[in-house]
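Colleague: I have a structure I would like to understand better, so I am pasting it below and will then ask my questions one at a time.
Derivation of every value follows stated rules applied to the coordinates shown; laboratory data play no part. Here the structure is a predicted model, which means the values were calculated and not measured. In this analysis, Cβ positions are derived from the backbone assuming ideal geometry, glycine residues included, and neighbour counts consider all displayed protein chains.
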Amino acid sequence: MSDDLQCPECNKNMSKIVYGYPSEAVVHVVEEKGWILGGCTPSPIKFYCKDCKVSWSDDLGFDS
Ligand SMILES: [Zn+2]
């Protein structure tokens, strides 16, 4: 099972945004996978496409 999710716009893998205080292990995974640290305050935005520069929430709706 993969956490990777493809962008509905360009079909490339999106970056997952990880919230909460990042432990050393989490930072390692985030860097390895090219994910993004979203900070300590959770938000509905869970994914980001670096190519389209668009954020997506869990249900893949645009963040408007
Ligand atoms: Zn995209």
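Colleague: Hey, could you get me the Stokes-Einstein D for the chain, Kirkwood radius over alpha-carbon pairs, 10 °C and 1.306 mPa s, rounded to whole µm² s⁻¹?
Modeller: Rounded, D is 132 µm²/s.
Colleague: Need one number: % antiparallel among DSSP beta bridges in the chain, to the nearest 5.
Modeller: Here the antiparallel bridges make up roughly 75 percent for the chain.
Colleague: Counting other C-beta atoms within 10 Å, which of Y48, Y19 has the fewest, and how do the rest follow?
Modeller: Lowest to highest Cβ neighbour count: Y19, Y48.
Colleague: Give me the extension gain from K12 to V54: residue separation times 0.36 nm, minus the current Cα-Cα distance, reported in nm with one decimal.
Modeller: In short, 13.9 nm is gained.
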